[in-house]
1. So if I average 1/r over every pair of distinct C-alpha atoms in the range 7-67 and take the inverse, what Kirkwood radius in Å does that give?
2. Could you give each residue of the range 52-66 its phi-based ³J(HN,Hα) in whole Hz, using Karplus coefficients 6.51, -1.76, 1.60 with θ = phi - 60°, and x for Gly or Pro?
3. How far apart, in nm, are two points set 7 Å out from the Cα along the Cα-to-Cβ line at Arg35 and at Glu11?
4. 5 Å is the cut-off here: which amide hydrogens, built 1.01 Å from N in the peptide plane, fall below it relative to Ile7, excluding neighbours closer than 5 in sequence?
5. Sorting check: for 60-67, 10-17, which peptide has the highest mean count of neighbouring beta carbons within 10 Å, and how do the rest follow?
6. Would you calculate the separation in nanometres between label points at Thr24 and Ile60, each defined as 7 Å from the Cα along the Cα-to-beta-carbon direction?
Amino acid sequence: MHHYSNISQREFLDVGELCRAEATVAEKLAFFADRTQDPDIRRLCNEHVARHISNYNTLIGEIQRMTGGPGGPHGVRHS
């Protein structure tokens, strides 16, 4: 396990906020993809959904590295 003692609590919370933002954007784009009748817009929305899901997964991995795993923020310093 790697612990990131140089990561502040604020930085840790910021990464969590970014993760939530990626999930929200992916959800909204999927909603628009389902609503549109235009196949080009649907394709573009779906491409962006995939990109935001990938970003979300990357951020989840970063959170796990910051915390030493899914158990909690072991490596986070409070500031």
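Please treat every number below as a calculation from the coordinates, not as lab data. Just so it is clear, the model here is predicted, and its values are computed rather than measured. With ideal geometry, Cβ positions are generated from the backbone for all residues, glycine too; neighbour counts draw on all protein chains shown.
1. Working: mean 1/r = 0.0808 Å⁻¹.
Here the Kirkwood hydrodynamic radius works out to 12.4 Å.
2. 5, 5, 4, 4, 4, 4, 4, 5, 4, x, 5, 4, 5, 5, 4
3. Computed distance between label sites Arg35 and Glu11 equals 3.9 nm.
4. Those lying under 5 Å, H to H, from Ile7 are Arg77.
5. Going from most to least packed, we get 60-67, 10-17.
6. Once both label points are built, they end up 1.9 nm from each other.
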